[in-house]
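Asker: I'd like to ask some things about the structure below.
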Protein chains: 2
Amino acid sequence: MSHQETIRAPAGLETVSALLEPAAIAIVGASDKSRWSAVAFANLTQGGFKGRVHLVNPKGAIVHGRQAARSCVEVGDTIDIGLVMAPASAVVDVITDLADAGAKAAVVLTAGFAETGAAGKALQERLRQVCAERRVSLLGPNCLGFINFANRAYVWTTPVMAPSSSAGVAIVSQSGATAYFLSTLAYQQDVGLSHVVSTGNEVDLDVATFVEHLINDPHARSIAVFAETFRDPTHFLAAAARALRVGKPLVVLKMGASEVTAKSAIAHTGALVGDDRVFEGICQQFGIIRTRSMEELLATADVAGRTGTLRPGGLCVVTNSGGVGEIAADTAELRGIALPDLREGAAAALRAAIPDTATAHNPLDLTGSVSPGQCEAALRIIGAQDDYAAILCPWYEIPTAPEQTSERLSQLHHHLAQGLAAAPVPGFLVSYTNTTVNALAQSIIAETGANYLACGLDRALSALAGTMWWSRHRHALARRPASPLAGPEAIGERPRSEHAALDLLSRHGIPVVPATLATGPSEAIAAARAYGEPVVVKIASPDIAHKSDIGGVILNVLGDAAVSDAYTRVLAAARDRCPGAQVDGAIVAPMRGRGIELFVGCSRDPQWGTVLAVGLGGVWVEVLQDVALRLLPVDAGEVRRMLGSLRGAKLLAGQRGVPAADLDAVAGVIARLGDLILALGPELAELDVNPLWVRGSQVEALDALFVWRAAPQAPAPRH
Amino acid sequence: MSHQETIRAPAGLETVSALLEPAAIAIVGASDKSRWSAVAFANLTQGGFKGRVHLVNPKGAIVHGRQAARSCVEVGDTIDIGLVMAPASAVVDVITDLADAGAKAAVVLTAGFAETGAAGKALQERLRQVCAERRVSLLGPNCLGFINFANRAYVWTTPVMAPSSSAGVAIVSQSGATAYFLSTLAYQQDVGLSHVVSTGNEVDLDVATFVEHLINDPHARSIAVFAETFRDPTHFLAAAARALRVGKPLVVLKMGASEVTAKSAIAHTGALVGDDRVFEGICQQFGIIRTRSMEELLATADVAGRTGTLRPGGLCVVTNSGGVGEIAADTAELRGIALPDLREGAAAALRAAIPDTATAHNPLDLTGSVSPGQCEAALRIIGAQDDYAAILCPWYEIPTAPEQTSERLSQLHHHLAQGLAAAPVPGFLVSYTNTTVNALAQSIIAETGANYLACGLDRALSALAGTMWWSRHRHALARRPASPLAGPEAIGERPRSEHAALDLLSRHGIPVVPATLATGPSEAIAAARAYGEPVVVKIASPDIAHKSDIGGVILNVLGDAAVSDAYTRVLAAARDRCPGAQVDGAIVAPMRGRGIELFVGCSRDPQWGTVLAVGLGGVWVEVLQDVALRLLPVDAGEVRRMLGSLRGAKLLAGQRGVPAADLDAVAGVIARLGDLILALGPELAELDVNPLWVRGSQVEALDALFVWRAAPQAPAPRH
């Protein structure tokens, strides 16, 4: 069932607040026999939650040492939210009972809904209806609940390990297990967490709703999302755009890149998995930081949340090992992080401050013989440079066992922390490789004030690369005009032939090659004479999409006899190879010389909407799939970024005999084409402009193919 | 100084044995004031080493509570090796003293040699000479020593944390600090280690020597190398080839990919850093598993060492979380690991054995409600399938704290371990994300017999991808003929012109396009008539390398007048644009139609030797640098692998109007060309065959350019 078919009241942000900040919670289906019940009860009563906790069990027995009520209504208190672990068949009745007791929201752990097949789907739909009717917001079903670390509402069914800070990453995950694994990793590395939310089957509250809410929550410094699909893409993209605008990093681990995954996602949550490359384009467009593993997701959200928007500039790496400095330099290059070298002034100042055996450049290897004071002095010099957006110190990890501590190490960590803190840009102390933080390490961190990453150098560099990329997006955003594009007016034309297609483009501001539709050899000759240069002769038929393949295109035709012959040949080819096709004649157009040939197209993604594709033509598209994708609309600036991201981008700078493309001119034409595509509406299934020919500032569509889908029919009336 | 200039006795394997298995060790320069001395003494006296340990200090004082001798000779015992931490200026004398005391080897920690500049270089050269004269093998200088875990010879200057097994990864690192960080990570994740060797400045014993030695050591299940450069490339490659042949995985983290690194490597060890892309080709060729971070290096060496050569097949992933299954599937696809789906028989058997809510496919999500017994049953069914080379179970990590343990978790781990152990292929239990192993976890591992990886799913998949790639190399090796290529005989010709170059190629079995050197218009006309088809007319000049750029090539010329005109025009172009160039006339050759155009070239890498480059011509080389590199010699099988690795490899299967390339024919021609390049000797600086034109099984060099360097001159006699 696609999101369009689901009719539901959009969850207001107040609802999410009510869910995440309850004063009274009922555990419905509480039972001594259930692990989940016992853990959830312990989480709420021993985790520091200040609100009221009630137990409900239809038998009304003593549960977890307390008298349970037989229903929510029987509790006799206003219940804000219910944590529901009743059997699937009972959940609908539980919602009614909760609503009667005044509950605004329910968290349904119970599985056995849409993820299990047709009967489960029907049950889920019934659940959705009851929630809508009774105005109960629903988290789940088939989820593990949520954790709000700020108010210690651990509405969660596995043991909760709280990191030392409740300001940090907010985890929002469709998979409850993955949310749990991420929070375990955060605990082990002492990454601050504000929330953990498991959204399960998302009958009502989905990932987008929580992202939107968390943008406003000051505890959530960044948002880490694990998702298989986005059930309300429009809502998600609006939230993503807002997150970028206000500067809250949105970091995503989205599955669905592999065919295998597409299969298991269906089995797992009944989710649609869209084209991974479309999502990649969306991340580029909306400044969503995409990651590829749980570790990278957490480290990136952690780093971006701590730094916020970085100023423009590169990274300075300061370490005590030449080998590690080299690893840092190589890895930074692989991830697109610049390590600008020290300017002469800074280098000279450093030479006076660091050991003789150290060389003053970036990465800076202070060597094993550096003193703690020299570390701080070096960092103070580097911090004063304008070239760096951040500083990274891969160094001995903060000890987790007393035998690892020493006076020298403690001094080193102290002075490194001081030196980093003095810089006006973010600076991190990072372990060489991934490690953990325990109570001893926490006390050292508190004492030294170290801004410490236990994820190790490699993950820290991924995280910084993501953060720097995101920061560039934000700087670009600030430079862009704030006013949105004027929505183009709808266009009702439905051209089917190439000639009509080029004509439509031309009338809407897209430059096209001049072309004449000839219906006989003499018309073809007249057209060619009028152009006065070699022409191309192409079969004109709305039924023949791939003209070259059937011999329907003859290039470089000059002279009356040759033109007449070409006309006859392309018509004969059509007759022989496509006997049933409607043939309108032949198109005669002037030959264009060497130029850069682009491919511009659009298609409709069933999940995300109209996707614009821009690439280099020919083998670049066919062999390398070297295409940039974006959702429409796009402005010319975004088109320039698309062009710049192509692997063959270098070709745009010109080759032998082909002048460089005027990128502003090209981007302007493509952006206009995007507007036109939107104006043509959803009946346009596909468009190929191939090639869009470019020579300097001359830009022309040489061929265009529109594919229309039948207009949507009104549903047949039921009798 | 390049390796060729260094004259030294190659270190025999006996020397390395003597070093790694000493009976008596002297710490020379032992002092209570030195951290290094204290730690090294503690490592040797408290770490379980069974040999004798002596202290030497020129003052002969009480050191570390023992009487130190004033010299090695004064010790009065035969000393096998010396651990030298004397000042740089004293090291040469220490070597003499050690030699006098019977030592076969010295480990020199002292820094201040070639890495510090000219004076240090001179001192290092003196050290080298003394070692050679006195037949003392040298590890270092500027190193941290070595550890042999099997005999507990901890000749090492930082605290040693021994993993629970001394069978496992052997670490060989040019950077002592990096060796230490890797061994710390191994300890934290309980990865078995056999050796840790830090080679420092490699005056004598280098990485290649240790790799060669460790291939024979049964404790070393795999070899993990961290290197900046290889001082004796030939030796290293011979060792790598042998490691592949006998099936010992060689895993490398080599720095030098970035320009920044190239700079710091010079500062760090005075090492030459070769072209990273050449090294990439070498890894492909020699089956060296290349990694990109310290974590990946260790995890890959660990996994490959534990599995050995995997049988052909894909991976089966069995987990208890749908989300993690999806992550595994996506990551596997990114890393080129196949996850073949279950065959119907296995799926049916599984459906009867696993929970109703689980779906029988790969990755297999057994769900949170699976029982321990069902886990084992599922693994036994999967283990019986022929499609899988390995099984991976991302699952709850093995507890490191008592509060994490539970009867259920213990049962799960037990049955998972049993199920994995029953399979005839390697199977691993892996933590979802990176974590650690402590004494509690070790006891659980021992109890359950779990084959456990604490590196986390993401690193485990990298490691398996590397191991599967390496295993494919080994299977391919088994299929190849054992006899090496016959060394081609030296060829003394030095063609400078295109015409002579094509002629040379032709006489040595490389098919070339027919071509005639015309010295006047009438000769050109005669040649064109003889071909009887359109021709290309090209300027013939040994001084003009890029003929097209100056208008020196005219394509598709037909008819006497046109040929005569073309001849005149290319000569005029040469006269106008290259006034000083020697002009021999023009080459007339038949035009070749559409085909696949390859680029084949060679160049000489200052470190590695003669490198063959194969790519697709035109923009593929110019814009994408889509070239595969290998050291010569190569056989046709290797050339086919080069072709297959190109990003544009799809083009070889043919395009519209261009038939597929006969890959055996192409590979045969390129391999012959490689042999010819070797036969032409080191005076050949560069060769471009561009294009090598292919149409089906027709393969022809259309153009060839040889670049010669001056013959090496005999050194001028000294007077």
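The values are calculated or read from the model by the stated rules, or taken from the named source; none is laboratory data. This structure is a prediction, so every number in the text was calculated from the model and none was measured. Neighbour counts are summed over all protein chains in view; Cβ atoms, including those assigned to glycine, are modelled from backbone coordinates with ideal geometry. Accessible surface areas use protein heavy atoms only, side chains included; no ligands, DNA or RNA. Shrake-Rupley method; radii C 1.70, N 1.55, O 1.52, S 1.80 Å.
Asker: What's the total number of residues in the stretch B:186-239 that are open to solvent by less than 10 Å² (accessible area, probe 1.4 Å), among the small types (Gly, Ala, Ser) and over 30 Å from A:Asn434 (Cα atoms)?
Answerer: Summing the residues that are open to solvent by less than 10 Å² (accessible area, probe 1.4 Å), among the small types (Gly, Ala, Ser) and over 30 Å from A:Asn434 (Cα atoms) in the stretch B:186-239 gives 1.
Asker: Has the stretch B:395-416 got any residue that is within 12 Å of another protein chain (Cβ to nearest Cβ) and open to solvent by less than 10 Å² (accessible area, probe 1.4 Å)?
Answerer: yes
Asker: Just to be sure before I move on: is A:Asp560 more than 14 Å from every other protein chain (Cβ to nearest Cβ), of a type outside the set (Phe, Trp, Tyr) and without any contact (Cβ under 8 Å) to a residue 40 or more places away in the chain in the structure I sent?
Answerer: yes
Every residue, every condition in (1) among the small types (Gly, Ala, Ser); (2) outside any loop (DSSP other than H, G, I, E, B); (3) open to solvent by 40 Å² or more (accessible area, probe 1.4 Å), yes or no:
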position	(1), (2), (3)
B:Asn556	no, yes, yes
B:Ala561	yes, yes, yes
B:Leu629	no, yes, no
B:Val639	no, yes, no
B:Ala661	yes, no, no
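Asker: When you go through B:Glu493, B:Glu533, B:Glu523 one by one, which is the residue that is in a loop (DSSP other than H, G, I, E, B) and either more than 18 Å from B:Leu702 (Cα to Cα) or among the aromatic types (Phe, Trp, Tyr) (or both)?
Answerer: Selected residue: B:Glu493, the only one of B:Glu493, B:Glu533, B:Glu523 that is in a loop (DSSP other than H, G, I, E, B) and either more than 18 Å from B:Leu702 (Cα to Cα) or among the aromatic types (Phe, Trp, Tyr) (or both).
Asker: Sticking with this structure for a sec: Of these, B:Leu646, B:Leu652, which one is within 12 Å of chain A (Cβ to nearest Cβ), modelled with pLDDT of 90 or more and assigned to a loop (DSSP other than H, G, I, E, B)?
Answerer: Result: B:Leu646 is the single residue among B:Leu646, B:Leu652 that is within 12 Å of chain A (Cβ to nearest Cβ), modelled with pLDDT of 90 or more and assigned to a loop (DSSP other than H, G, I, E, B).
Asker: Just to be sure I understand the filter: pairs with C-beta atoms under 7 Å, separated by 6 or more residues or on different chains, first member in the stretch B:276-293 and without any contact (Cβ under 8 Å) to a residue 60 or more places away in the chain, second member part of a loop (DSSP other than H, G, I, E, B). Which pairs pass?
Answerer: Every condition considered, the pairs that remain are B:Asp276/B:Gly256; B:Asp276/B:Ala257.
Asker: Another question, if that's okay. Would you confirm, using the coordinates I've provided, whether A:Gln385 is within 14 Å of chain B (Cβ to nearest Cβ) and either in contact with a helix residue (DSSP H, G or I) (Cβ under 8 Å, 6 or more places away or on another chain) or surrounded by 16 or more Cβ atoms within 10 Å (Cβ to Cβ) (or both)?
Answerer: Answer is no for this residue.
Asker: Could you please give the count of residues in the stretch A:427-447 that are under 17 Å from A:Leu392 (Cβ atoms), more than 11 Å from every other protein chain (Cβ to nearest Cβ) and either out of contact with any strand residue (DSSP E or B) (no Cβ under 9 Å at 6 or more places or on another chain) or assigned to a loop (DSSP other than H, G, I, E, B) (or both)?
Answerer: Total satisfying the criteria: 0.
Asker: If the Cβ limit is 6 Å and pairs must be 6+ apart or interchain, which residue in the stretch A:586-603 that is on the phi < 0 side of the Ramachandran plot and touching a residue at least 40 places away in the same chain (Cβ under 8 Å) pairs with which residue that is among the hydrophobic types (A, V, I, L, M, F, W, C) and part of a loop (DSSP other than H, G, I, E, B)?
Answerer: A:Ile587/A:Ala515; A:Ala589/A:Val513; A:Ala589/A:Ala515; A:Ile596/A:Ala661
Asker: Among the residues of the stretch B:663-678, write down those that are closer than 16 Å to B:Phe599 by Cα and either open to solvent by 50 Å² or more (accessible area, probe 1.4 Å) or of a type in the set (A, V, I, L, M, F, W, C) (or both).
Answerer: The answer is B:Leu663, B:Ala665, B:Val666, B:Ala667, B:Val669, B:Ile670, B:Ala671, B:Arg672, B:Leu673, B:Ile677.
Asker: Working carefully through the options B:Cys602, B:Cys578, find the one that is closer than 30 Å to B:Ala660 by Cα and of a type in the set (A, V, I, L, M, F, W, C).
Answerer: B:Cys602
Asker: So which residues in the stretch A:179-204 are touching a helix residue (DSSP H, G or I) at 6+ places or on another chain (Cβ under 8 Å) and within 18 Å of A:Asn148 (Cβ to Cβ)?
Answerer: Passing the criteria: A:Leu182, A:Ala186, A:Val191, A:Gly192, A:Leu193, A:Ser194, A:His195, A:Val196, A:Val197, A:Ser198, A:Thr199, A:Gly200.
Asker: Under the condition of being loosely packed, with under 14 Cβ neighbours inside 10 Å and not β-branched (Val, Ile, Thr), which residue from the stretch A:67-101 is farthest from A:Glu21 (Cα to Cα)?
Answerer: Top of the filtered list is A:Ser89.
Asker: If I go through the stretch B:43-57 residue by residue, how many of them are among the hydrophobic types (A, V, I, L, M, F, W, C) and either in contact with a His (Cβ under 8 Å, 6 or more places away or on another chain) or part of a loop (DSSP other than H, G, I, E, B) (or both)?
Answerer: Summing the residues that are among the hydrophobic types (A, V, I, L, M, F, W, C) and either in contact with a His (Cβ under 8 Å, 6 or more places away or on another chain) or part of a loop (DSSP other than H, G, I, E, B) (or both) in the stretch B:43-57 gives 2.
Asker: Then there is this: Can you find even one residue in the stretch A:112-123 that is farther than 18 Å from A:Asn148 by Cα, of a type in the set (S, T, N, Q) and open to solvent by less than 10 Å² (accessible area, probe 1.4 Å)?
Answerer: no
Asker: For residues that are without any contact (Cβ under 8 Å) to a residue 60 or more places away in the chain and either among the basic types (Lys, Arg) or open to solvent by less than 50 Å² (accessible area, probe 1.4 Å) (or both), tally how many sit in the stretch B:505-521.
Answerer: Residues that pass the stated criteria total 1.
Asker: Out of the stretch A:451-466, which residues are over 11 Å from A:Ser431 (Cβ atoms) and either in contact with a Ser or Thr (Cβ under 8 Å, 6 or more places away or on another chain) or open to solvent by 10 Å² or more (accessible area, probe 1.4 Å) (or both)?
Answerer: Residues satisfying the conditions are A:Asn451, A:Leu461, A:Ser462, A:Ala463, A:Ala465, A:Gly466.
Asker: I've got another one for you. Considering the stretch B:149-184 alone, what residues qualify as being surrounded by fewer than 24 Cβ atoms within 10 Å (Cβ to Cβ) and within 24 Å of B:Val430 (Cα to Cα)?
Answerer: Selection gives B:Met161, B:Ala162, B:Pro163, B:Ser164, B:Ser165, B:Ser166, B:Ala167, B:Thr184.
Asker: Need the failing condition index for A:Asn690 against (1) in a strand (DSSP E or B); (2) farther than 22 Å from A:Arg592 by Cα; (3) open to solvent by 10 Å² or more (accessible area, probe 1.4 Å), just the number.
Answerer: It fails just one condition, (2).
Asker: Pick from the stretch A:448-477 the residues that are assigned to a loop (DSSP other than H, G, I, E, B) and small (Gly, Ala, Ser): which of them is nearest to A:Tyr187 (Cα to Cα)?
Answerer: It comes out as A:Ala454.
Asker: Hey, among the residues in the stretch A:675-687 that are closer than 25 Å to A:Ala589 by Cα and in a helix (DSSP H, G or I), which one's nearest to the other protein chains (Cβ to nearest Cβ)?
Answerer: Selected residue: A:Ile677.
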